[in-house]
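Here is the structure we will look at.
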Amino acid sequence: MARRILTVFGTRPEAIKLFPLVHALRGDARFDSRVCVTGQHRGMLDQVLEIAGIVPDHDLDVMQPDQSLDALTARLLTGIGQVLDAERPDWVVVQGDTATAMCGALAAYYRKIPIAHVEAGLRSGNIYHPWPEEVNRRVIGTMARLHCAPTQTAADALRRENIDPAAIHVTGNTVIDALQWVTERIRHEPGLASGLAEIETRFAGKRIVGVTSHRRENFGDGMQAIAEAIRQIAARDDVALIFPVHLNPNVRSVMQAALAGLSNVALIEPLDYLHFARLLDISTLMLTDSGGVQEEAPALGKPVLVMRETTERPEGIVAGTARLVGTDCARIVTETNRLLDDAGAYAEMARAHNPFGDGRSAGRIAELLATE
Ligand code: UD1
Ligand code: UDP
């Protein structure tokens, strides 16, 4: 009988990293694939569902404006629990370290349903960076039956926590599958990612710096410092910054107040994944505090300056494509100018590396779900 797999996700990055697995499962007769979205993100989740052609079987629609972590957690846990009681899956799949992933795993554990954790074993070693994700993923790690580690480094971290080595598999990160999938679609149909044309024309002749920022631990002083750094970089006349602003009001209010109206800065709405791939492609470098962008940029040979104090993705740093710059305004500006002005420093970072995967991770995870 086909194994019933319930894949649970709710935010933009989970949707991006799980759509390749949903595609693999639904095309395979060994599985009865079901999808539950929590709607932790609404607009940014729906953008991905549409591009990936996924119509969820369940949509909990839990998002509320500026939701608190405790209210969100409570709604997620009870909502996912009800779906599990209705579906009674053989496996529950969760990805990464969001509130949705942690609650999906906890609801499954309460029903003794085996959990497969995609992107297992990322650790920063600091429970407040990233917050609350470092604890979310550790908690999931204690409950999962199958740990799909993206890299050997992640697998080693799990072994150090005394997780059964037989349950740990290095599968690569499905983000590379997703990136290759959209890149291929754009190659066949460039019009799919042509929505930036007007901005590209406006900034013709300037080097583009792509920016994203949303981390909770950066709210307040960190966000202010990032905004000020962008303002100072934008004073250069040879550079333009394109910044799709996260829908979190704590991000938008700061960035709008500090940056709206600057001629060298395009503050735009979140881009769908096809257009974000285009932004990566046209950018000279990326300034980000995102996890996923730290994985995508190295694959494309784009230097990435990581506006965080720590990273759970050391592979990009080791490969030389990523550098931690924290949230100190002067440091962000200095490191950005160094890459823009020193061709040697730029060339050293701008080499394509694929430490995070080969684009075949979803297939490996599907095999494990069929056989474990
Ligand atoms: C969440 C994840 C974080 C992940 C990030 C990816 C948790 C605790 N955090 O953080 O790990 O890196 O997503 O982006 O799970 N909002 C909208 N529309 C959207 C999305 C968000 O309006 O499509 C607004 C809402 O007001 C919402 C707020 O953003 O309340 C915060 O969303 P939430 O999911 O709680 O946290 P993120 O900071 O997005
Ligand atoms: N992304 C996107 N549109 C945007 C900004 C980011 O599609 O406007 C993608 C990006 O390519 C990456 C993912 O969203 O795959 C990262 O999401 P986010 O930074 O919100 O979360 P994190 O990865 O930090 O958890």
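Search region 134-155 for residues being of a type in the set (S, T, N, Q) and assigned to a helix (DSSP H, G or I), and hand back the single one that is farthest from Gly292 (Cα to Cα).
Within region 134-155, the match that is farthest from Gly292 (Cα to Cα) is Thr142.
Can you name the condition, by its number, that Ala154 falls short on among (1) under 25 Å from Leu77 (Cα atoms); (2) in contact (Cβ under 8 Å) with a residue 24 or more places away in the chain?
(1)
Hey, among Arg278, Arg323, Arg308, which residue is among the charged types (D, E, K, R), touching a Leu at 6+ places or on another chain (Cβ under 7 Å) and within 16 Å of ligand 1 (Cβ to nearest atom)?
Arg308
For region 76-100, give me the residue count where each residue is among the hydrophobic types (A, V, I, L, M, F, W, C) and in contact with a Lys or Arg (Cβ under 8 Å, 6 or more places away or on another chain).
2
In region 206-221, which residues are closer than 23 Å to Ala277 by Cα, in a loop (DSSP other than H, G, I, E, B) and either small (Gly, Ala, Ser) or away from ligand 2 (no atom under 16 Å from the Cβ) (or both)?
Once the filter is applied, which keeps residues that are closer than 23 Å to Ala277 by Cα, in a loop (DSSP other than H, G, I, E, B) and either small (Gly, Ala, Ser) or away from ligand 2 (no atom under 16 Å from the Cβ) (or both), region 206-221 yields Lys206, Ser213.
How many residues does region 222-252 hold that are in a helix (DSSP H, G or I) and either within 15 Å of ligand 2 (Cβ to nearest atom) or modelled with pLDDT under 95 (or both)?
Of the residues in that region, 7 qualify.
Give all pairs with beta carbons closer than 8 Å in which a residue from region 281-308 that is in contact (Cβ under 8 Å) with a residue 12 or more places away in the chain and farther than 18 Å from Trp131 by Cα meets a residue that is within 13 Å of ligand 1 (Cβ to nearest atom) and among the basic types (Lys, Arg); count only pairs at least 6 apart in sequence or on separate chains.
These pairs meet every condition: Glu295/Arg313.
Among the residues of region 93-141, write down those that are more than 16 Å from ligand 2 (Cβ to nearest atom) and in contact with a Phe, Trp or Tyr (Cβ under 9 Å, 6 or more places away or on another chain).
Listed by number, the residues that qualify are Val93, Ala108, Ile113, Pro114, Ile115, Ala116.
Can you run down the residue pairs with Cβ atoms below 8 Å, 6 or more apart or on separate chains, where the first is in region 24-53 and without any contact (Cβ under 8 Å) to a residue 24 or more places away in the chain and the partner is within 16 Å of ligand 2 (Cβ to nearest atom) and not acidic (Asp, Glu)?
Arg42/Met63
Results for (1) surrounded by 17 or more Cβ atoms within 10 Å (Cβ to Cβ); (2) within 16 Å of ligand 2 (Cβ to nearest atom), shown as yes or no for each residue.
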site: Ile5; (1), (2): yes, no
site: Pro13; (1), (2): yes, yes
site: Ile16; (1), (2): yes, yes
site: Ala24; (1), (2): yes, no
site: Arg30; (1), (2): no, no
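Filter region 270-301 for residues that are near ligand 2 (Cβ under 8 Å from one of its atoms), within 21 Å of Ala52 (Cα to Cα) and of a type in the set (D, E, K, R) and give the result.
Within region 270-301, Asp272, Glu295, Glu296 qualify.
Only one residue in Leu158, Leu192 is in contact with a strand residue (DSSP E or B) (Cβ under 6 Å, 6 or more places away or on another chain) and either part of a helix (DSSP H, G or I) or farther than 14 Å from Asp97 by Cβ (or both), so which one is that?
Within the list Leu158, Leu192, the selection yields Leu158.
When you go through (1) touching a residue at least 24 places away in the same chain (Cβ under 8 Å); (2) within 16 Å of ligand 2 (Cβ to nearest atom); (3) not basic (Lys, Arg) one by one for Glu184, which number turns out not to apply?
Condition not satisfied by Glu184: (1).
Any residue at all in region 328-341 that is modelled with pLDDT of 95 or more and under 19 Å from the mean Cα position of the chain (by Cα)?
Checked against the condition, which is being modelled with pLDDT of 95 or more and under 19 Å from the mean Cα position of the chain (by Cα), region 328-341 yields no hits at all.
The values are calculated or read from the model by the stated rules, or taken from the named source; none is laboratory data. Quick caveat: nothing in here was measured; it's all calculated off a predicted structure. Note: ideal-geometry Cβ built from the backbone for every residue, glycine included; neighbour counts use all protein chains shown.
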